[in-house]
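No lab work stands behind these numbers, since they all come straight from the coordinates. Only a predicted model underlies this, so the values are computations on that prediction, with no experimental measurement involved. So basically every Cβ, Gly included, is an ideal-geometry build from the backbone, and we count neighbours across all protein chains shown.
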Amino acid sequence: MSETKTINLYDVLSVALTNETLGAKFYAAMAGNSEKEDVRDVFHKLAEEEKEHRHLFQTLIEQYKDNTEYEKISGNKIAYFKFLAENNIFATIIEAFKQRDKDFSDIGPKDALSIGIQAEKDSILLYQELYESTSHESVKEAISKLLEEEKMHLLELRQQLEEF
C-alpha cells in the first residue's frame, strides 16, 4: 500500500488477495509435511479453500480495478489496513525461512497449527473491516460468506491443536 492519506477498495482487495495466496501456499506445504492423516487432511482442505478465496478476490479486483477513485477509505482504518498488509503472518514466516535458507519442513505440526490460527484470526479481522468499509452489496455478500468460512477454518485448526 502506498503512503497516502486514503486508500480505496481496490487496495484492500489486493491485500486480501495476497493474504489468501500466501495462505494457500503455506497450508499446501504443511499438508505435505504432516505425518498425521487428520492434520494433513485439514491442511489440504484449507489450502484448497484458500485457493477458492484467492479466486474470489481476483474476481472482485477485476470488477473494481477501474474504480480506484470510488469508495475511498480514510481515517484510522488506513493505519489498520496498512498494519495488516505489512504484518501478514504468512509473509513474515515465508520471509524468515527464506532468510535462513530453510523450507517449511522445519515447522512442526503444532507450530503450523498455531501459525494457521493466528493467520485466520488476522483474516477475520481484515475481512470484517473490509465488510464494514464497503457499500458495495456484491462485496458485502461475498465477504459475509468468506467470514463464515474463515471462522470455520479457525475452529478446525483449534480443534486439531487441542487434540495434540
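Compute the longest continuous run of the chain that contains no exposed GluC sites (Glu not before Pro); treat a site as exposed when its DSSP state is not H, G, I, E or B and it has at most 15 other Cβ atoms within 10 Å.
70-162
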extent check for segment 6-162: Cα max minus min per principal axis, descending, whole Å, gives 48, 32, 25
Given pairs 77/140; 45/72; 72/151; 45/151 and cut-off 25 Å on Cα-Cα distance, the over-length ones are 45/72; 72/151
Taking trypsin sites (Lys or Arg not before Pro) as exposed when in a DSSP loop with at most 16 other Cβ atoms inside 10 Å, the chain has its longest clean stretch at 103-164
Taking the square root of 5λ for each eigenvalue of the C-alpha gyration tensor of segment 1-64, the equivalent ellipsoid has semi-axes, largest first and in whole angstrom, of 30, 12, 6
A chain fully extended from residue 118 to residue 45 at 0.36 nm per residue, minus the present Cα-Cα distance, gains in nm 24.5 nm
Residue separation between residue 79 and residue 52 times 0.36 nm, minus their alpha-carbon distance, gives in nm 6.9 nm
Summed over the other residues with a beta carbon less than 14 angstrom from that of residue 55, with K and R at +1 and D and E at -1, the charge totals -4
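Contact order normalised by length for the chain, with contacts defined as Cα pairs under 8 Å and 6 or more residues apart; what percent is it?
Reported relative contact order: 29 percent.
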When 122, 38 are ranked with the fewest other C-beta atoms within 10 Å first, the list becomes 38, 122
